[in-house]
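Student: Dumping the structure here so I can ask a few things about it.
Derivation of every value follows stated rules applied to the coordinates shown; laboratory data play no part. Model, not experiment: these values are computed from the prediction. Cβ coordinates were reconstructed from backbone atoms using ideal geometry, including for glycine residues, and neighbour counts include every protein chain displayed.
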Amino acid sequence: MLEGLNWWLLGTVAATCPKAPGFGSVHRPQVAATAAYVDQTSLGWGQMLHGRLSKLWGDAYVQDFAGCDTKATHLRWTKGVIKALWKLAFVLWEHRNNVLHGSTEAEQAQLRSKKRII
């Protein structure tokens, strides 16, 4: 998951997303994770920051925990990931705004004065 999200966040020039880290593995959890990776690539990695995850990610997570209540675990994990992604999106947005507009009144005044000069 992080491999694809990093590829998208860094704006890599490669036209296609790199293969999933577990690509070619025959182990059940890796196969499920690769399917989720491919599905997320088709949905768009940027969509993750809007909380739009492939449903296959939850299935891939549950594959690693055989014997647990799969539906409850799947839902709990998916909700947690979506909340974490929303938090990340907000942190990125806040950082961008601070860089563009300043995080303190002094920085904001300095940026306004620079804009007047230009």
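Okay, residues lined up against (1) assigned to a helix (DSSP H, G or I); (2) touching a His at 6+ places or on another chain (Cβ under 7 Å); (3) among the charged types (D, E, K, R):
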| position | (1), (2), (3) |
| --- | --- |
| 74 | yes, no, no |
| 89 | yes, no, no |
| 94 | yes, no, yes |
| 108 | yes, yes, no |
| 112 | yes, no, yes |
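Here's the yes/no breakdown for (1) under 15 Å from residue 4 (Cβ atoms); (2) surrounded by 11 or more Cβ atoms within 10 Å (Cβ to Cβ); (3) among the β-branched types (Val, Ile, Thr); (4) in contact (Cβ under 8 Å) with a residue 12 or more places away in the chain:
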| position | (1), (2), (3), (4) |
| --- | --- |
| 29 | no, yes, no, yes |
| 40 | yes, yes, no, yes |
| 54 | yes, yes, no, yes |
| 60 | yes, yes, no, yes |
| 72 | no, no, no, no |
| 103 | no, yes, no, no |
